[in-house]
Amino acid sequence: MTEKLRAPGPTEPGSHEHWGTTVMGYIRSFVPWIAVAALTGTVDIRVAALTGLVLAAGLVAVQRRAGRGWDAQVIEGSAVVFFAAYTVAACVAPGSSAVVHYGPPLSSLWLAVTAWGSLAIGRPFTLGIARTQVPEDRWNSPLFLHVNRVITVVWATAFTLCGIGGALLWHYRPEADTARTLLTVAAFVLPVLFTVRFPDIARARHAASRDAVAE
């Protein structure tokens, strides 16, 4: 059975409002990670790690109080676990190179494990987020599920490359601060852009395929 396509509403794929909602939704989810990345190297690592933990826990608490389900807070929940462990490690060994220098790439690899793990169990982490932005009657459509699997793969790949690339840069080019910053920014911005654009592309392809079959 083919899916019925209709013009997007003001907060659905294809509208500028939806793009803004999508971008802001992902920025909100990654606030703890962004904050720690910005603070690392400028403040004591213990302060940076604790800031990430407080932001992550606060974000989860606020969103749960607002009725947001756990499936839409996979990244936030993952952040609580990671920054709890990272804070302990930073307090135990604040001068450790593994904590100070390899913390950022390790956080990216942790996100990669989170993303790949969500795919492995059949619950792409983007699915819960996307379901807060579209009508419930589309939550289980094959096209909707396919789009979110692809988007999650893109995020997981970006996290993996950022983590590996960051670790290699620290090991071989410890002075390459600009390269690490650009890598981190690209690993966030490019998946966000893909997340915003791919649903429209997938819908267009689906429509073209449906029309071709009809002919």
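One residue stands out in the stretch 168-194 among those that are among the aromatic types (Phe, Trp, Tyr) and under 22 Å from the mean Cα position of the chain (by Cα): the one that is most open to solvent (accessible area, probe 1.4 Å), namely PHE194. Scanning the stretch 130-160 for residues that are aliphatic (A, V, I, L, M) and either more than 29 Å from ALA90 (Cβ to Cβ) or surrounded by fewer than 19 Cβ atoms within 10 Å (Cβ to Cβ) (or both) returns ALA130, VAL134, LEU143, LEU145, VAL147, VAL150, ILE151, VAL153, VAL154. Look at (1) within 19 Å of THR160 (Cα to Cα); (2) surrounded by fewer than 16 Cβ atoms within 10 Å (Cβ to Cβ); (3) in contact with a helix residue (DSSP H, G or I) (Cβ under 6 Å, 6 or more places away or on another chain); (4) of a type in the set (A, V, I, L, M, F, W, C) and you find that CYS91 fails only one, number (1). Total residues in the stretch 195-205 satisfying the condition of being charged (D, E, K, R) and either open to solvent by less than 70 Å² (accessible area, probe 1.4 Å) or modelled with pLDDT of 95 or more (or both): the figure is 2.
What number of residues within the stretch 78-93 are assigned to a loop (DSSP other than H, G, I, E, B) and within 21 Å of VAL113 (Cα to Cα)? Show your work before the answer.
First, pick out the residues of the stretch 78-93 that are assigned to a loop (DSSP other than H, G, I, E, B): 93.
From what is left, the residues that are within 21 Å of VAL113 (Cα to Cα) are none.
Selection size over the stretch 78-93: 0.
All told, SER118 falls short of being part of a helix (DSSP H, G or I), closer than 13 Å to VAL36 by Cα and either touching an Asp or Glu at 6+ places or on another chain (Cβ under 9 Å) or open to solvent by less than 20 Å² (accessible area, probe 1.4 Å) (or both). Among residues of the stretch 188-215 that are closer than 12 Å to VAL150 by Cα, those with a beta-carbon under 7 Å from a residue that is modelled with pLDDT of 90 or more and of a type in the set (Gly, Ala, Ser) at least six positions away or on a different chain give the pairs PRO191/ALA158. Among the residues of this structure, ALA115 counts as one that is under 14 Å from the mean Cα position of the chain (by Cα) and under 30 Å from VAL100 (Cβ atoms).
Taken over the stretch 168-196, the criterion of being outside any helix (DSSP H, G or I) and of a type in the set (A, V, I, L, M) is satisfied by ALA176 alone. On inspection, GLY165 passes the criterion of being over 17 Å from the mean Cα position of the chain (by Cα), part of a helix (DSSP H, G or I) and more than 24 Å from ARG46 (Cβ to Cβ). In this structure, is THR126 farther than 27 Å from LEU169 by Cβ, surrounded by 18 or more Cβ atoms within 10 Å (Cβ to Cβ) and not acidic (Asp, Glu)? Judged against the criteria, THR126 is a match.
Looking only at the stretch 134-168, count how many residues are in contact with a helix residue (DSSP H, G or I) (Cβ under 6 Å, 6 or more places away or on another chain) and either more than 30 Å from HIS101 (Cβ to Cβ) or of a type in the set (Gly, Ala, Ser) (or both). Residues in the stretch 134-168 being in contact with a helix residue (DSSP H, G or I) (Cβ under 6 Å, 6 or more places away or on another chain) and either more than 30 Å from HIS101 (Cβ to Cβ) or of a type in the set (Gly, Ala, Ser) (or both): 13 in total.
Sort out which residues of the stretch 57-79 are closer than 13 Å to LEU111 by Cβ and β-branched (Val, Ile, Thr), and write them in order of number. Across the stretch 57-79, the qualifying residues are VAL74, ILE75.
Of the residues that sit in the stretch 52-77 and are open to solvent by less than 50 Å² (accessible area, probe 1.4 Å) and assigned to a loop (DSSP other than H, G, I, E, B), which one is nearest to VAL31 (Cα to Cα)? Step by step, filter the stretch 52-77, then rank; the result is GLN73.
Filtering the stretch 148-202 to residues that are in contact with a Pro (Cβ under 7 Å, 6 or more places away or on another chain) and basic (Lys, Arg) leaves only ARG149.
The values are calculated or read from the model by the stated rules, or taken from the named source; none is laboratory data. Predicted, not measured: the structure shown is a model, and the values here were computed from it. Virtual Cβ from ideal backbone geometry, glycine too; neighbours counted across all protein chains shown. To get the accessible areas, we keep the full protein, side chains included, count just its heavy atoms, and leave off ligands, DNA and RNA. Shrake-Rupley method; radii C 1.70, N 1.55, O 1.52, S 1.80 Å.
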